[in-house]
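Worksheet: the structure to be examined is printed underneath.
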């Protein structure tokens, strides 16, 4: 019955027919191997009990349950560490990330946030985040909260995020303004965020069809002539929209975790503004809220709460004196457009041709009013509304661009399922992005559900170009979960012992890409067999002669944790001594003896047990005759292992499996 | 597969290879069949040449690296610079260095050159060395010693283009000017096509090293900064290949095979890595780890052992040249200490110097026949990230300049010490320069900028290309002075001209230059003359 249905799935129409009828043969796993494979794709690693539970349930129900679980957020935990006297540097935030990713029940949400963190990139490699790791944890929480929400809300929250504002420098970005009449010097809006929000976070560089193929700009010429989605002019104009955002200073005090904090952007000086008037205090825009509050070591909430608009510095199409901007000279990037308008990409009815008109009113005489009248406050609110509406319209223009569906579909599929999704797969997911079935655009919960349940994700044995190299960090968490390792400290913060060299070894660390272009690009092709077959392979970009060997070497230290030479009562975790006793380490996770003892002693059964846990039973070959991976392990190791302690055999087998090409690829 | 990029397909068709049809093993055979001239000057043992590329990632504000310094009078070139950069760097939002803070240099006249008085970034000073030993020269000294020249206003171009032609689409433009990735890729490949798979560093190497003569110890393309497109090339054994990547401390050897069944486990790993698979990703992973683990020991042996070695290593690749008092090889810990840099009284580490030091050691070991590498042609790559200074430019850019200057000065000293200064040429790349006008605390993406080349074979102490007037919104065809509203300069020298001049010095013939840089023929000057 199942086989017949699979064959039926070869054509797209067949898929549509079945989906329309509400019947989905991929709704439930056929066996525990399928359940395990699914969890490898959808979580930070398959845990035996969760595999068993899913085997008796359905994929769809699992996804539904996952999406209903409350988000296990990161920032609050980090703040509690600070309150308890801990120093919150990036190593602690990384440890917390491992704890959450490995132990949280909301696995799909955590995985989705990690995937989103590689599209909407903010990085701790930028030194600005040294002592303000809470900012980054808050950014991750934004991704977690919006993981199954709407892409449009995510885009808004990311744009308003102070972490992003610092990283792509649109925090305190200012409108064009004459700042030095003597040298005739103008300050100009920073173009950084305007460029990357289009190129990386939404529409991409080139016009795409819904299956991600390029649109052809000129059918009369041979080949495909790509059509750019925007030009420098659009970037410059969007950078003008992205002005005036800075920390909010709402006035009054806030009690946070038992501490009264002033919210005036001044250091402990008391109230100086109220309501909308706070956004018209010029110094508030420029002021950094106090950062670390002694004695608690907390970051002030104004440092990580969403940025708000300061109309004085927002480009309203007007000069600082309130007069309309004059037309610019007839040259790029402005051409001869009226400078008071901002021309952004425009694809939805409210925007029309994409020109945002200037503010009706002069907002600049509303600044620094000591006691604004009710009428003045109303005008202030109108100015604020203009700014917020304009940003909102610009984000809408991006949101409604047809490119966003295929852009997000392709990248999310690459993170979860396969590096080279078929055009049909991308188009199907883009279709769900465009409309979740209830007329809603941008429903990320529906998108990830369809990505996981799509026939291309669920069918196994799909050929030699299916699958992806595992992200090195996920390969590691998979090991931690599949072998049911436990963290030794009560807070469960310790997994791998040293977070300092992690990036150097693995080429990857959460919120730690080298640039806004992530650890790797979606278009990377590993030179050789993969590029020869025109296959994309993003994760290969960080696999080189250094990281491939470093991760291999590191894996022995990880796997042998607690098992090895004992010196001064501490295990060296090196699998080195044939007469070791297990001593639980204090600084890293380990395989508990109970789990170790549950692995069979017979060589073939031992391999099969690990095959089930780590590789959802897909290890290639047979023991007899000796073929494939099973044959290699049996031929090379069974006799050589004679006489070694059971645990040592198990650990060394795990080490080889972990470093095998078959385990390193998810398919 | 998605996005079967048309350019890629065209490339593969040009190679006579279609996707999925045994491209891996067939590629080099096809290259041979296409009569790619194999230049035999690269034959090992006969002669040696190497290129060292320093990529300044993010877009270097290079009009604050080399500046006009004619006079402070109103209307002078310096005055224009001062105005365009928004006033002095010491106050407000401006980025112009004070006239007297810049390090003065003077460039003579010559073909394709811009004579005149220039100022260098103040961080291009000499660094003190050990007592009694000469200082490590900074960029200013290297220029004055005629070991270094600049190339002004170089950038990505399909063909020469005026502002009018640009604005009215009268001539083809490089796609996506201002975008990091796409511009960096055009620099790396010498091509305008998106996703072109072959870097020009890789392309020249496969032409210069005869089939069968690539040695087994160290591949000719070596990166100190990971995989990169510039060094992606055709391997001698067939198929496209990544560069060999190595750390500043050396290659990383495979560990874990001591104790219980060590040899058997190592054999098992080997068998697993080379086991044939029904999946291309599986096979490709095995290839990477297998190659990496096989090479590491041989490379470290070549660099660390041999004549002149200490008891703990550091032989064929030993470099004595100090750059600072604590720089001497530390035999107790068998390593060089982390290089330090002092700028404005502050102490910093200089990781670029650590990486470039390994390049120097590899070059030395590659030229000692007993070490077994015996390279004929090599291309090295290292990157210095952090140049995307939209923010915090006043803090970050001077430090980057100081690191660059110290590392290059050290490298030139090291090449002199090992007698390779005439055979090794170093050059910088950066995807674009930055807007002359400030955005408050930084600058944004622009286009044409300044690069430099250094080495004994460089026609040094000169400024090649046309140094622009640094005006805002300039449009002067007679003077070839074109810029946009924030001072973004239209390049007047193409990346292809700069790279072809370097490739020609390495020994690449005219026909090969045309196939590697297909737009080169659009420019009147194929050889900019900066290599002697």
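Just one residue in the set A:536, A:590 is within 19 Å of residue A:102 (Cα to Cα) and either surrounded by fewer than 23 Cβ atoms within 10 Å (Cβ to Cβ) or modelled with pLDDT of 90 or more (or both); that residue is A:590. Say whether the condition of being within 11 Å of chain B (Cβ to nearest Cβ) and out of contact with any helix residue (DSSP H, G or I) (no Cβ under 7 Å at 6 or more places or on another chain) is met by at least one residue in the stretch A:580-594. Yes, some residue in the stretch A:580-594 is within 11 Å of chain B (Cβ to nearest Cβ) and out of contact with any helix residue (DSSP H, G or I) (no Cβ under 7 Å at 6 or more places or on another chain). Among the residues of the stretch A:211-236, the ones that are within 24 Å of residue A:194 (Cα to Cα) and either surrounded by 17 or more Cβ atoms within 10 Å (Cβ to Cβ) or touching a helix residue (DSSP H, G or I) at 6+ places or on another chain (Cβ under 9 Å) (or both) come to 9 in all. Of all residues in the stretch B:463-499, those being at positive phi and assigned to a loop (DSSP other than H, G, I, E, B) number 4.
Selection of the stretch A:46-74 for residues being surrounded by fewer than 23 Cβ atoms within 10 Å (Cβ to Cβ) and assigned to a loop (DSSP other than H, G, I, E, B) yields A:47, A:56, A:57, A:58, A:69, A:70, A:71, A:72, A:73.
For (1) part of a helix (DSSP H, G or I); (2) in contact (Cβ under 8 Å) with a residue 24 or more places away in the chain, each residue gets a yes or a no:
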site: B:406; (1), (2): yes, yes
site: B:411; (1), (2): yes, yes
site: B:419; (1), (2): no, no
site: B:426; (1), (2): no, yes
site: B:452; (1), (2): no, yes
site: B:461; (1), (2): no, yes
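When B:286, B:201, B:178 are screened for being at pLDDT below 95 and either over 18 Å from the mean Cα position of the chain (by Cα) or more than 7 Å from every other protein chain (Cβ to nearest Cβ) (or both), only B:178 passes. If the condition is being more than 9 Å from chain B (Cβ to nearest Cβ) and either on the phi > 0 side of the Ramachandran plot or out of contact with any strand residue (DSSP E or B) (no Cβ under 8 Å at 6 or more places or on another chain) (or both), then the stretch A:617-640 contributes A:617, A:618, A:619, A:622, A:623, A:624, A:625, A:626, A:627, A:634, A:638. Candidates are the residues of the stretch A:143-169 that are at the interface with chain B (Cβ under 9 Å from one of its Cβ atoms) and assigned to a loop (DSSP other than H, G, I, E, B); the one that is surrounded by the most Cβ atoms within 10 Å (Cβ to Cβ) is A:168. If you go through the stretch B:433-472 and keep only what is within 22 Å of the chain's Cα centre (by Cα) and surrounded by fewer than 22 Cβ atoms within 10 Å (Cβ to Cβ), you end up with B:456, B:457, B:459, B:460, B:461, B:466. For the stretch B:153-263, the helices (runs of 4 or more DSSP H) that sit wholly inside it and include 1 or more residues that are crowded, with 23+ Cβ neighbours inside 10 Å are B:180-189, B:200-208. Restricting the first member to the stretch B:75-94 and to residues that are farther than 21 Å from residue B:467 by Cα and more than 11 Å from chain A (Cβ to nearest Cβ), and the second to residues that are buried (at least 18 other Cβ atoms within 10 Å of the Cβ) and modelled with pLDDT of 95 or more, the beta-carbon pairs closer than 8 Å and six or more apart or on different chains are B:89/B:95; B:89/B:96; B:89/B:97. Condition (residue is within 14 Å of another protein chain (Cβ to nearest Cβ), crowded, with 23+ Cβ neighbours inside 10 Å, part of a helix (DSSP H, G or I) and under 25 Å from the mean Cα position of the chain (by Cα)) applied to the stretch A:173-192: is it met by at least one residue? Yes, some residue in the stretch A:173-192 is within 14 Å of another protein chain (Cβ to nearest Cβ), crowded, with 23+ Cβ neighbours inside 10 Å, part of a helix (DSSP H, G or I) and under 25 Å from the mean Cα position of the chain (by Cα). The number of residues in the stretch B:387-405 that are in contact with a helix residue (DSSP H, G or I) (Cβ under 6 Å, 6 or more places away or on another chain) and modelled with pLDDT under 95 comes to 2.
For the stretch B:212-225, the candidate set comprises residues that are at pLDDT below 95 and touching a strand residue (DSSP E or B) at 6+ places or on another chain (Cβ under 9 Å); within that set, the residue that is farthest from the other protein chains (Cβ to nearest Cβ) is B:220. Filtering A:396, A:435 for residues that are away from chain B (no Cβ under 14 Å) and in contact with a strand residue (DSSP E or B) (Cβ under 9 Å, 6 or more places away or on another chain) leaves a single hit, A:435.
For residue A:643, state whether it is within 14 Å of another protein chain (Cβ to nearest Cβ) and either closer than 15 Å to residue B:269 by Cβ or in contact with a strand residue (DSSP E or B) (Cβ under 9 Å, 6 or more places away or on another chain) (or both). No, not satisfied.
State whether the residues of the stretch B:376-390 include one that is over 25 Å from residue A:190 (Cβ atoms) and outside any strand (DSSP E or B). Within the stretch B:376-390, one or more residues are over 25 Å from residue A:190 (Cβ atoms) and outside any strand (DSSP E or B). Within the stretch A:524-578, the residues that satisfy the criterion of being more than 7 Å from every other protein chain (Cβ to nearest Cβ), part of a loop (DSSP other than H, G, I, E, B) and free of Cβ contacts under 8 Å to residues at least 24 places away in the same chain are A:524, A:564, A:565, A:568, A:569, A:572, A:573, A:574, A:577. For the stretch A:626-641, which positions are without any contact (Cβ under 8 Å) to a residue 12 or more places away in the chain, under 15 Å from residue B:275 (Cβ atoms) and surrounded by fewer than 20 Cβ atoms within 10 Å (Cβ to Cβ)? A:626, A:627, A:628, A:631, A:635 - these are the residues of the stretch A:626-641 that are without any contact (Cβ under 8 Å) to a residue 12 or more places away in the chain, under 15 Å from residue B:275 (Cβ atoms) and surrounded by fewer than 20 Cβ atoms within 10 Å (Cβ to Cβ).
May I ask you to verify whether residue B:354 is modelled with pLDDT under 95, farther than 23 Å from residue B:409 by Cα and part of a helix (DSSP H, G or I)? Answer is no for this residue.
Does residue A:447 satisfy the condition of being more than 19 Å from residue A:145 (Cα to Cα), at pLDDT 95 or above, more than 13 Å from chain B (Cβ to nearest Cβ) and buried (at least 20 other Cβ atoms within 10 Å of the Cβ)? No; evaluated as a whole, the condition is false for this residue.
The values are calculated or read from the model by the stated rules, or taken from the named source; none is laboratory data. All of these numbers come straight from a predicted model, not from anything done at the bench. With ideal geometry, Cβ positions are generated from the backbone for all residues, glycine too; neighbour counts draw on all protein chains shown.
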